[in-house]
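**Q** Questions regarding the structure given below will be posed in turn.
Every number here is computed from the coordinates shown, using simple stated rules; none is lab data. Remember, predicted model here, so these are calculated numbers, not experimental data. In this analysis, Cβ positions are derived from the backbone assuming ideal geometry, glycine residues included, and neighbour counts consider all displayed protein chains.
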Amino acid sequence: MIRLEHVSKQFTVKGAAVPALTDINLAVEPGEIFGIIGHSGAGKSTLIRCINLLERPTEGRVLVGGTDLTSLPERELQASRRKIGMIFQHFNLLSSATVADNIAFPLRLAKRPKEEIDRRVSELVQLVGLEEQRNKYPAQLSGGQKQRVGIARALAADPQVLLCDEATSALDPQTTASILALLKDINRRFGLTIVLITHEMHVIRQVCDRLAVIQAGRIVESGPVLDVFLRPQHPTTREFIEQVEESAELRDTLEREKAAGKRNIIRLTFVGEKTYEPVLFETMRETGTSFAILQGTISRMKDTPYGQLVVNLDGTPAQIKETARLLQSRGVEVETL
Ligand SMILES: Nc1ncnc2c1ncn2[C@@H]1O[C@H](COP(=O)(O)OP(=O)(O)OP(=O)(O)O)[C@@H](O)[C@H]1O
Ligand SMILES: [Mg+2]
């Protein structure tokens, strides 16, 4: 749906070229929710703005729905942009217009007939749950409600792609969850392709199918969310994952246990609906090992449940080796800590 090929962007500051993006290659599939995570200044906003050419790349090509936007003349670019909706951290609503007028704005701009605009606005306020607010002004709304207006406005022209630049960063956790749920619902119902940028890993974990990690203008890691979570390769990725997992606490436990002479500590990862206890107990019974649980977590990656268990095994080296082999053959991931 979206392809970035060798995209680079430099800004010129006081006559000097400052690189913001370097050789970005990215493919977002139709209907997926793709997350881009990075620290402040990493180039996230520049990258997402390159997708609709609000920012023109210095080099490279940007294709959306098969059209090379970088080669289009301005007038055709305007038309293509209508197929790409965007929402922002600070909502960017017109303060002097009501909810309904904010949502109608892009349709009036596109000179749609009045009846069509009225019908579409009614559909959209209902979709985002703002029927009661349709005649209010932005100042009378909460942050979450303002973002709902932003979403409705972005969807007004029936886009194929929705770009979200830190859309939940100004919201409290509960409101964030409700906005993310709305985005997920829209993605499912309309097959809308969503690109979402954030500096928060829990946002990625809740809604994204795949992600890319951006650092100093380069993509340093990418892949399906589950794979990246379970096998992060880059230090920046690990840092982000620590935001959502109690890795620091685990480190303390490990140090304590190792100091106490425990040497056979392994982390077991279970993905999907399988419950882990039967697998674990069965395997241990077969090999004659016993175990003590040091830490356990069960979480959810978008719609996939997964569990991680850190255990200390008790047995001979041969028994322990056999236990690990059996667990792996039963679909459990085993990592020695
Ligand atoms: N218009 C501009 N002129 C000059 N430099 C810019 C411009 N826009 C962005 N930059 C620089 O490009 C780099 C990337 O900025 P960008 O806004 O894309 O980062 P970001 O990841 O979105 O950060 P944040 O999380 O703070 O929003 C930064 O070093 C920034 O200073
Ligand atoms: Mg930004």
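**Q** Where is the GNM fluctuation largest for the chain (alpha-carbon springs, 10 angstrom cutoff): LYS136, LYS83, LYS146?
**A** LYS136
**Q** Okay, next question. Dipole size in debye (nearest 20) for the chain around its Cα centre, Lys and Arg Cβ +1, Asp and Glu Cβ -1?
**A** Taking the Cα centre of the chain as origin, the dipole is about 820 debye.
**Q** In straight Cα distance, which lysines are under 16 Å from LYS146, not counting same-chain residues fewer than 8 positions off?
**A** List returned: LYS136.
**Q** Over the residues of segment 2-243, compute the C-alpha Rg and express it relative to 2.2 N^0.38 Å.
**A** That ratio works out to 1.02.
**Q** Can you give me the C-alpha center-to-center distance between segment 274-337 and segment 66-113, rounded to a whole angstrom?
**A** So the two Cα centres are separated by 52 Å.
**Q** Could you work out Rg/(2.2 N^0.38 Å) for segment 245-336, with Rg from alpha carbons only?
**A** So segment 245-336 has a normalised radius of gyration of 1.07.
**Q** On to the next question. Lys/Arg Cβ at +1, Asp/Glu Cβ at -1, dipole of the chain taken about the Cα centre: which of LEU4, THR237, PRO305 is farthest positive-ward?
**A** The one lying farthest along the dipole's positive direction is LEU4.
**Q** Taking the alpha-carbon centroid of each part, what is the distance from segment 174-249 to segment 1-65 in angstrom?
**A** What the calculation gives is 18 Å, centre to centre.
**Q** Using the Cβ atoms and a cut-off under 11 Å, what net charge is assigned to the surroundings of GLY223, where Lys and Arg are +1 and Asp and Glu are -1?
**A** -1
**Q** Related question: Can you tell me which of ARG49, ARG120, ARG189 moves the most in a GNM of the chain? Springs connect C-alpha atoms under 10 Å apart.
**A** Most flexible of the set in this elastic network: ARG189.
**Q** Report for the chain the percent antiparallel among DSSP-assigned beta bridges with both residues inside it, nearest 5.
**A** Antiparallel bridges: around 70 percent, rounded to the nearest 5.
**Q** Now for a different question. If the reach is capped at under 25 angstrom between alpha carbons, list the lysines near LYS321, excluding any in the same chain fewer than eight residues apart.
**A** Within the straight-line cut-off, LYS321 pairs with LYS258, LYS262, LYS274.
**Q** Hey, in the GNM for the chain with a 10 angstrom Cα cutoff, which one of GLY66, GLY261, GLY191 fluctuates hardest?
**A** GLY261
**Q** Given points 7 Å out from each Cα along the Cα-Cβ axis, report the ILE298 to GLU123 separation in nanometres with one decimal.
**A** Going by the 7 Å Cα→Cβ label model, 4.1 nm.
**Q** Roughly how big is segment 245-336's charge dipole about its Cα centre, with Cβ charges of +1 (Lys, Arg) and -1 (Asp, Glu), in debye to the nearest 20?
**A** Dipole magnitude for segment 245-336 comes out near 220 debye.
**Q** Using +1 at the Cβ of each Lys and Arg and -1 at the Cβ of each Asp and Glu in segment 215-337, identify which of PHE270, GLY315, GLY223 lies farthest towards the dipole's positive end.
**A** GLY315
**Q** Would you list which aspartates and glutamates come within 17 Å of LYS111, measuring only between C-alpha atoms, while excluding same-chain residues fewer than 8 positions from it?
**A** Within the straight-line cut-off, LYS111 pairs with GLU76, ASP101, ASP158.
**Q** Next up: Counting alpha carbon pairs within less than 8 Å and at least 6 residues apart, what relative contact order, in whole percent, applies to the chain?
**A** Relative contact order of the chain: 18 percent.
**Q** Add +1 for every Lys or Arg and -1 for every Asp or Glu among the other residues with Cβ under 12 Å from the Cβ of LYS146, and state the total.
**A** +3
**Q** Using the basic label-point model (7 angstrom from Cα toward the beta carbon), what is the ARG61 to GLN174 distance in nanometres?
**A** 5.0 nm
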